[in-house]
Amino acid sequence: TFEYTPEFATSEIQLSPLEMRYPPMIHSYPSISQRTFHGLPGIFADSLPDKFGNKLIDRFFADNGLSPSDITALDRLAYIGKRSMGAFEYEPSTNDGMAMNGGSLNIHHLNELANMVLREKSDFNHKLSTASHEEMLALIRVGSSAGGARSKALVAQDAQGRFYDGTLDAGIDKRYWLLKFDSDDNSDKDRKDPKGMTRIEYIYSLIAKECGIDIPSTTYIVDGDDFHFMIERFDREIVDGKVRKKHYASWAGLRHFDRDHVGVYSYEQLVMTCRELGLGQNELNELFRRAVFNIIGRNQDDHAKNFGFMMDRRGVWSLSPAFDMTYAYDPYGKWTAQHQISLSGKRDQFERNDLLTFASKCSIPVKHANEIIEQSLEAFNSFTRLATQFEVPDELSKQVAGSLRVNSL
């Protein structure tokens, strides 16, 4: 159960206009997925981390004598405090005593520690009682606020390329990034990622830009054999000499859709949500581009948390920039053997007419839809060249290239 305060209601800001609109002031959601929302309203569940971040939070609470079974969703939000992605802050915070010294981060060492977390090695516990204690705490701070199962960190980068804690305001002279560590122990739902998936995600970000998709700036760091992927955060902006937070909500959070209900939701329902939020034709065009990209590129991890929306200070909603635009296909997996949501009633075996039928749902003329499809096919034809340029392992490169739907559409 959640209740708005009378003071907040006077603002007339609707943080979640589809499932939590006020009045009424009190909302209860006894039937929504416990696995996806952990007993919280959807927009607040968006602030919770997934597998990797939860492992780090468990480490923090273990030092305070609590086991994972003792930790509630509210405890986790209190730990997140002011470090949440998006605009929400949670009080009272339980991690204010973990303040960093303001020094720069060593990405190489943080990646080593992140790998220990993923592998659940005993060295992880040992590190806390050694000279690396400060680095372990740094990883817990920067790695526990972001969603997703894979190891990542919220960082700020200065003009000289040095990295700092990006979960709080590190100054207007820095850029704010989500950094995904390169690891062959990363996984989301199916099998562990092969080495090279961060290279694939960077290549896909370049292809997405060629497709005309609204995706944030991306870059990478090479550290020995490791290739760490970075995407600029769209929930932070510099305004009037200050770092300002922007309100973000996932599609799952706004509609209380269960992320793990495979095949239950559809791209057509996503279009309906866009219209309910008052989005215009340009954003429906953008959504169509993303659907075409996902289908050609086998981004089959297209569940309801991988689409999102932004609200500005006037209460106007928009489609968020694209993220998690990468190859996600395991023909033997439970989750990504097919797309997570359907398009034109299908989750596989797509034909050009399926895309054109969906285009009509987006109010896009056939001629323009075909132009978008051809632009996307042409962009994906550069994959093999880019895979060679960015040294994707041969086996992975051939796997991706052989899976692309470039000849069936």
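The values are calculated or read from the model by the stated rules, or taken from the named source; none is laboratory data. Treat the numbers as computed from the prediction; the structure is a model and nothing was measured. Every residue, glycine as well, gets a Cβ built from its backbone with ideal geometry; the counts of neighbours run over all protein chains shown.
Data table
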| quantity | calculated |
| --- | --- |
| Qualifying residue in segment 335-342 (condition: in contact with a His (Cβ under 6 Å, 6 or more places away or on another chain) and within 30 Å of Lys192 (Cα to Cα)) | yes |
| Selection from segment 244-276 of residues that are among the aliphatic types (A, V, I, L, M) and within 21 Å of the chain's Cα centre (by Cα) | Ala249, Ala252, Leu254, Val262, Val264, Leu270, Val271 |
| Qualifying position, being more than 16 Å from Tyr267 (Cα to Cα), of a type in the set (Gly, Ala, Ser) and in contact with a strand residue (DSSP E or B) (Cβ under 7 Å, 6 or more places away or on another chain), among Ala337, Ala328 | Ala328 |
| Residue that is surrounded by the most Cβ atoms within 10 Å (Cβ to Cβ), among those in segment 14-43 that are over 22 Å from Phe307 (Cβ atoms) and aliphatic (A, V, I, L, M) | Met25 |
| Output for segment 384-396, where each listed residue is touching a residue at least 60 places away in the same chain (Cβ under 8 Å) and touching a helix residue (DSSP H, G or I) at 6+ places or on another chain (Cβ under 6 Å) | Leu386, Ala387, Phe390, Val392 |
| Pairs where the first residue, in segment 174-198, is of a type in the set (Ser, Thr, Tyr) and the second is part of a loop (DSSP other than H, G, I, E, B) and modelled with pLDDT of 80 or more, C-beta under 6 Å, 6+ apart | Tyr176/Gly166; Tyr176/Arg233; Ser183/Ser151; Thr198/Asp182 |
| Single unsatisfied condition, Ala138 versus (1) at pLDDT below 85; (2) small (Gly, Ala, Ser); (3) not in a helix (DSSP H, G or I) | (3) |
| In segment 203-232, the residues that are touching a Ser or Thr at 6+ places or on another chain (Cβ under 8 Å) and among the polar types (S, T, N, Q) | Ser205, Thr218 |
| Candidate set: segment 6-52, residues that are part of a loop (DSSP other than H, G, I, E, B) and without any contact (Cβ under 8 Å) to a residue 12 or more places away in the chain; chosen: the one farthest from Ser250 (Cα to Cα) | Thr10 |
| Candidate set: segment 222-247, residues that are in contact with a helix residue (DSSP H, G or I) (Cβ under 9 Å, 6 or more places away or on another chain) and surrounded by 21 or more Cβ atoms within 10 Å (Cβ to Cβ); chosen: the one farthest from Pro49 (Cα to Cα) | Phe227 |
| Flag for Val400 being more than 30 Å from His247 (Cβ to Cβ) and without any contact (Cβ under 8 Å) to a residue 60 or more places away in the chain | no |
